[in-house]
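Enquirer: This is the structure, below, for whatever I ask next.
The values are calculated or read from the model by the stated rules, or taken from the named source; none is laboratory data. The structure presented is a predicted model; accordingly, all values stated were derived computationally and were not measured. Positions of Cβ are backbone-derived with ideal geometry, glycine not excepted, and every protein chain shown enters the neighbour counts.
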C-alpha cells in the first residue's frame, strides 16, 4: 500500500532509501491485495494504454506484484519485469504472480539496476520514488535501461522528487498531471529518455 511518511513516526520501514521488510512487508502485501487492487487496476489500465505492442516493461518498486498481475491480465503481449529493493517483497511477488509467463522478478536498487543498456520500452513506478535515496542516480539508471524513444511513467504523491528525476538531464519531462484516485492524491509524471 502506498506509504506517505509526512507526519508519521517510523519504525524500520519506509525511510528514504530503505526497504520495507519483515512483518511490514507481510502487512503491505495483505493491504495491497485487499485494499489497493482497484487502484492498481486503474493505474494498469493507464499503463496498458501507453505501452507499445510487445513492449518490455520494468516496474520499479514492484512490491508484492499487484500492478504486474493487473498488467499481465490486460496486456499479455508485454514482457514484464519487476524490481524491488526488498527481497521479502520479491518473495511476496513471486507467490502473487505464480503461474504467469513471460515475467522476471529481481531484488535490486533503482540506483543500480541489473539490466543492460536499452532493455526496456517503458519503465514505471508506483508510490516508490518518494522513498528513493538518490533520485538523480535513479534517473540515470532508468534512462540507461530505456530504449531510444522509451518512456518513464511515475505515479506517486505530489511531493515525490519529480524535479530531481530530470535534474541530471538523462530524462526529459513530458507531462505532469494529477491522476484521478478515489482516496490517494496522486501525480502522474511522464519523462522521455535523452
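Enquirer: Are any residues in the stretch 89-128 farther than 30 Å from residue 194 by Cα and assigned to a loop (DSSP other than H, G, I, E, B), and if so, which ones?
Expert: Those that are farther than 30 Å from residue 194 by Cα and assigned to a loop (DSSP other than H, G, I, E, B): 97, 98, 99, 100, 101.
Enquirer: Starting from residues that are buried (at least 21 other Cβ atoms within 10 Å of the Cβ) and at pLDDT 95 or above, keep the ones in the stretch 71-89 and report whichever is farthest from residue 131 (Cα to Cα).
Expert: Here the residue is 78.
Enquirer: Further question: Residue under question is residue 80, and the condition is that it be in contact (Cβ under 8 Å) with a residue 40 or more places away in the chain and outside any loop (DSSP other than H, G, I, E, B); does it hold?
Expert: Here the answer is no, as residue 80 does not meet what is asked.
Enquirer: Hey, another quick one. From the residues in the stretch 98-112 that are modelled with pLDDT of 95 or more and in contact with a helix residue (DSSP H, G or I) (Cβ under 6 Å, 6 or more places away or on another chain), which one is farthest from residue 73 (Cα to Cα)?
Expert: Among those residues, the one meeting the criterion is 111.
Enquirer: Moving to a separate point now. Residue check: is residue 152 crowded, with 22+ Cβ neighbours inside 10 Å and under 18 Å from residue 80 (Cβ atoms)?
Expert: In short, yes.
Enquirer: Just one of the numbered conditions (1) surrounded by fewer than 16 Cβ atoms within 10 Å (Cβ to Cβ); (2) on the phi < 0 side of the Ramachandran plot; (3) modelled with pLDDT of 95 or more is not true of residue 95; which one?
Expert: (3)
Enquirer: Sticking with this one: For residues that are closer than 25 Å to residue 118 by Cβ, out of contact with any strand residue (DSSP E or B) (no Cβ under 8 Å at 6 or more places or on another chain) and either in a helix (DSSP H, G or I) or modelled with pLDDT of 95 or more (or both), tally how many sit in the stretch 141-194.
Expert: Looking only at that region, the number is 4.
Okay, residues lined up against (1) part of a helix (DSSP H, G or I); (2) at pLDDT 90 or above; (3) under 24 Å from residue 112 (Cβ atoms):
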residue	(1), (2), (3)
24	yes, no, yes
28	yes, no, yes
42	yes, yes, no
45	yes, yes, no
48	yes, yes, no
59	no, yes, yes
63	no, no, yes
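Enquirer: Here are the criteria: (1) touching a helix residue (DSSP H, G or I) at 6+ places or on another chain (Cβ under 7 Å); (2) closer than 13 Å to residue 60 by Cβ; (3) surrounded by 20 or more Cβ atoms within 10 Å (Cβ to Cβ). Tell me which single one residue 115 does not satisfy.
Expert: Checking residue 115 against (1) touching a helix residue (DSSP H, G or I) at 6+ places or on another chain (Cβ under 7 Å); (2) closer than 13 Å to residue 60 by Cβ; (3) surrounded by 20 or more Cβ atoms within 10 Å (Cβ to Cβ), the one that fails is (3).
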